[in-house]
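Report on one structure; see the data block that follows.
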Amino acid sequence: MSPKFSPVPILMYHKVGEPVLTKRDTFLNVSAQNFSKQMCLLKRLGYTARTFGEVLEAWTYQKPLPPRTFVITFDDGYVNVGRYAAPILQELGFTATVFAVSQAVGKTNDWDEGTNNVVIPLMEWARLHELQGLGWEIAGHTAHHPHLDVLSDAEAFEEIVRGKAELEAELQAQVKTFCYPFGHLNPRTPELVKRAGFLGACTTQRGIAKQADNPFLLSRVKVAYRDNTLAFLYRLVLAPHLPDLRKKRRSSLSNLQA
């Protein structure tokens, strides 16, 4: 008999513990103190962390998952994730998934230059290897972090495939999952990701992921800088089930999920 799968929250983080000098510094940033409180709360509530790849493999090959499974994801691979988030997760026995930009490893998020977002260091290969050794998943995020929705199919596919191949060559491990840079994609992008050999991909769309969903259009729970414990629980438990009334962005997935 095939196992029955419960929905899985995929938490979306970028930066953890980055100093806040301006209001803009809170963008996609969570304080180390709040991050610790959030993870400790999940531990007390009996949640079990699995990597994004482990969840997709379980769903794909009908393998059981522990009750209250959740996933922690970090986009881009900032140094502060290894410095602040990793020790907290290691102490709690949690693993996570980092979506790494292969050509930016050890450099900076230069794709944010000119956008008023801070440009800060990204983890070196050595640190990614260390996290991999702790059971973390290093996953695909293209070679250069482009807007995939405006590239030709050939250009987008090259970015997706190159990012995967370069990570695999360095890490000596299969790269199984993917995340769309900026959350931007067009109706053809998920098929390109599938053709590149990934098991699935996550978006920036709000919601709780389910096995019945398109595995290349999985939703996440976006955690904000201002979230205290109650706000975090609201995002985790209640918000994903409410209508999304935000203005449509060009990364909207409404047509893709129709």
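Every number in this text was worked out from the coordinates using simple rules, so none of it is lab data. All figures in this text were calculated on a predicted structure; none of them were measured in a lab. So basically every Cβ, Gly included, is an ideal-geometry build from the backbone, and we count neighbours across all protein chains shown.
Details
- Theoretical gain in end-to-end length, Q172 to R226 [0.36 nm per residue, Cα-Cα removed]: 15.6 nm
- Which of I72, I120 has the fewest Cβ neighbours within 10 Å, and the rest in rising order: I120, I72
- Simple point charges give the picture: +1 on the Cβ of Lys and Arg, -1 on the Cβ of Asp and Glu, and for the chain a dipole about the Cα centre of about 1180 debye.
- By the count of other C-beta atoms within 10 Å, a proxy for reagent exposure, S31, S152, S6 are ordered fewest to most as S152, S6, S31.
- Beta-bridge orientation, the chain: approximately 10 percent antiparallel, per DSSP, counting only bridges with both partners inside.
- Close amide-amide hydrogen proximity is noted between G17 and V30, S31, A32, each under 5 Å apart and 5 or more residues distant or on a separate chain (H modeled in the peptide plane; Pro and chain starts excluded).
- Cross-link partners of K222 among lysines (Cα-Cα below 18 Å; sequence separation of 8 or more within a chain): K15, K37, K210, K247, K248
- Kirkwood-Stokes translational diffusion coefficient of the chain, alpha-carbon pairs, 4 °C, 1.567 mPa s, µm²/s: 70
- When peptides 52-63, 77-88 are ranked by their average number of other Cβ atoms within 10 Å per residue, the highest-first order is 77-88, 52-63.
- In order along the range 111-123, the Karplus-derived 3J(HN,Hα) couplings, from 6.51 cos²θ - 1.76 cosθ + 1.60 at θ = phi - 60°, round to 5, 9, 4, x, 10, 6, 8, 5, 9, 9, x, 9, 4 Hz, and Gly and Pro are given as x.
- Each residue in E159, E113, E130 was given a count of other beta-carbon atoms within 10 angstrom of its own, and listing them fewest first yields E113, E130, E159.
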